[in-house]
1. Once you charge only the Cβ atoms, +1 for Lys and Arg and -1 for Asp and Glu, what is the size of the charge dipole of region B:152-307 about its Cα centre, to the nearest 20 debye?
2. For chain B, what is the Kirkwood hydrodynamic radius in Å, using each pair of distinct C-alpha atoms?
3. Among rounded, prolate and oblate, which fits region A:2-115 when a ≥ b ≥ c are the square roots of the eigenvalues of its C-alpha gyration tensor, a/c under 1.5 means rounded, and a/b larger than b/c means prolate?
4. For the pairs B:Lys151/B:Lys321; B:Lys15/B:Lys221; B:Lys20/B:Lys195, flag any whose C-alpha to C-alpha distance is greater than 27 Å.
5. Given a Förster distance of 30 angstrom, what is the FRET efficiency for A:Arg54 paired with B:Val366, based on the Cβ-Cβ distance and rounded to 0.05?
6. What is the average number of partner chain Cβ atoms found within 10 Å of a Cβ in A:30-42?
7. Convert each backbone phi in region B:219-224 into a coupling constant with the Karplus relation 6.51 cos²θ - 1.76 cosθ + 1.60 (shift: θ = phi - 60°), then list the ³J(HN,Hα) values in order as whole Hz, x for Gly and Pro.
8. Amide H of B:Phe138 versus every other amide H placed in the peptide plane: which residues, excluding those fewer than 5 positions away on the same chain, fall under 5 Å?
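The values are calculated or read from the model by the stated rules, or taken from the named source; none is laboratory data. Given the structure is predicted, the values throughout are model-derived calculations rather than measurements. As a convention, Cβ positions derive from the backbone with ideal geometry for all residues, glycine included, and neighbour counts pool all protein chains shown. Just so you know, the surface numbers come from the protein's heavy atoms only, side chains and all, with ligands and any DNA or RNA stripped out. Shrake-Rupley method; radii C 1.70, N 1.55, O 1.52, S 1.80 Å.
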Amino acid sequence: MPQALDIRQNKYSDVSQEEKDRLFQECKDDERWSHILYGCYECGICVAACPSARFYDFSPRLIAQAVAREDTDLVYTLMNDSVWDCSQCFSCDRCPRGNSPGQIITVMREVAVKNGLNTAKEALEGYGRIIYKIMSTGSQVSPDMLQPNAFPDWGHHVHEIADNLEVWRKALPPETLHTIETGWKVDEKTIIELYLIWHMTGVMDLILGIDEGLHMILVDVMEERLEEAGYDIEFD
Amino acid sequence: MIHLPVTKASERIFKIDPDKAPTHDLKEELFQLEKEGELEVIRVPEPYMEVKTKYGRIKKIPVEKTWHHKSCGQCGHIPGYSTSIFWLNRAFGLDYFDPTDQTSCTAWNYYASATSNPEAQAAVAIRNFAAAHEVGYFPLIHCGTSFGHYKEVRHALVHQPELRRKVRDIMKRLGKKLVVPEEVVHYSEWVLAMKDRIAERQVIDMSNITATVHPACHYHKLIEEDAIYDSEIYGAQRSAIITSTLKALGINVADYSTWFDCCGFGFRHILVSRDFSRSFSVQRKIEVMKEEANPDITVTHDTGCVTTLDQSQVVGKAHNKKVGLPVMADSQVAALAMGAHPYKVLQLHWHNTDNKPFLRKIGIDVDKSWAEFEAECELIKSGKKEYMTWEDAEK
Ligand code: SF4
Ligand code: SF4
């Protein structure tokens, strides 16, 4: 059963008010902020449209109100205990005030990750292999991920796929799809360009914030391939 | 007593008027930025087809010279989805490009984990657009999330000069230009625009089929004004995507009350918190469709939606829920209508929920088709063939 959301004032009393204010300021400093928050009528239209609100003790209205009122204590609680329940479907873009609660949540999540909040690490537990895949190959999911232990609730079918994977991949007419470790065949030059983008935009710092081990492995893989391609680049 | 000029909903006629659109036309701003030397616009190649979007603006859909921006979830887990898109292009003899100089949009990860930032997301998008432009083709986006995300990126690049500057610098260091397509086009828009040509070549009668439609959230909720609407379909009160295509194929499209709800995918949830995805998908989508419309099939147009709606039914069945509804993409249904092979092209063995009753209802000999596919697999296993080719799939 989903847990009840505890929004007692000063729930995180171990964190100073200054720190809570600082994190909220980081959200406000995001270039998107002025396009995604205009206030809140408290009408609840976003909640009515929200899938996560049906299954969790979760409310995009509560989040929109907290940020609109600049209640930084509540914002901090929500940044820890609520934002990861969102499905990022953007049904709440129906907001008559022009807000995008879903995008407010995206920004709050980014700030949580960037600052290495423990709750962000917990929310992304088990997600590391996906980050590894996307960052290192440029493809989020791949055929070899279709394994019974990864998708136990997909029944017998996933066993059948895993057992036949190699042959079934070869029995695909498009030549680009005969791959196992990536969704399609990706050029070496393309991967190198992707790594250069990761380097130039500082996204590896975000990974470091939530998983040091994963960061280390990724940096090793990327630096080696970049070196082979003639780039002398260090991520740290 | 005050008399209010209230009319019944059914008497109201919703007139689409681009002059009354609540937003600016982004294309005008794009071309203005191009004039100022800020970016280069990739033109939709001719010949193109014209469709109408939410506020009545015209959207150009290329017929050919399309660069297929593939979806990692489709190619990785339900590859008959993309194969069917390519098959349709081949069936019409159109010039298309299936690139290897392509990364995924990485937006699934972004929406799931927030381990990225707007500059990185925009740079990944523009790198892919530049790759398409360099070979002289126009990007056609297979994934609903990539499509929605790229629209957001395009919107941000137009309105945020600082982001534009940063991405231009990154592209310069990669030896590429900041190029932005005139239109961001989803493959299902191409299928819709081609619907009459598809119907002309239809060989399988589907008039005895009832389908429900699930429009993907990131198709019609992100930059909603760019989705296709048609006054003939739901009075233009919701997007015509998929529905218009299925109707052209003679399929009876049935309505259900939770059409606006998402599929339950959740980005993070489908990977590490699937209890939510399963429950939502079964209780808010599949069961409602079954109870209210009892369709033969549900048709959608996005990676995550096909996967979630399909795979979630396994647990639903174990809990005696009303499930057992096959899920396919519009590209698969369109290809099937034109005679594509259910296993060699549609690759339906990658889908989970039993789709044989649906196939039999439209007169397909399922056992024969499967035997034909298995024969191809045997040739591969025995080493007589390295791969199944297009020629094998099309014979
Ligand atoms: S984006 Fe998040 S908050 Fe908005 S409707 Fe979807 S799940 Fe709810
Ligand atoms: S829909 Fe908008 S205005 Fe209404 S409660 Fe939600 S955020 Fe506030």
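1. Working: 21 positive and 22 negative charges, 230 e Å.
It comes to approximately 1100 debye.
2. Values: mean 1/r = 0.0453 Å⁻¹.
It is 22.1 Å.
3. Numbers: a/c = 1.68, a/b = 1.24, b/c = 1.36.
Oblate, because a/c is 1.5 or more while a/b does not exceed b/c.
4. Numbers: B:Lys151/B:Lys321 37 Å; B:Lys15/B:Lys221 21 Å; B:Lys20/B:Lys195 29 Å.
Going by Cα-Cα distance, B:Lys151/B:Lys321; B:Lys20/B:Lys195 fall outside the 27 Å limit.
5. On the way: r = 37 Å, r/R0 = 1.24.
Efficiency, rounded to the nearest 0.05: 0.20.
6. Working: counts 2, 6, 6, 0, 0, 4, 0, 0, 0, 0, 0, 0, 0.
Across A:30-42, the average partner-chain Cβ count within 10 Å equals 1.
7. Going residue by residue, I get 7, 10, 9, 8, 6, 4 Hz, with x marking Gly and Pro.
8. Those qualifying (amide H under 5 Å, at least 5 residues apart or on another chain) are B:Thr66, B:Trp67.
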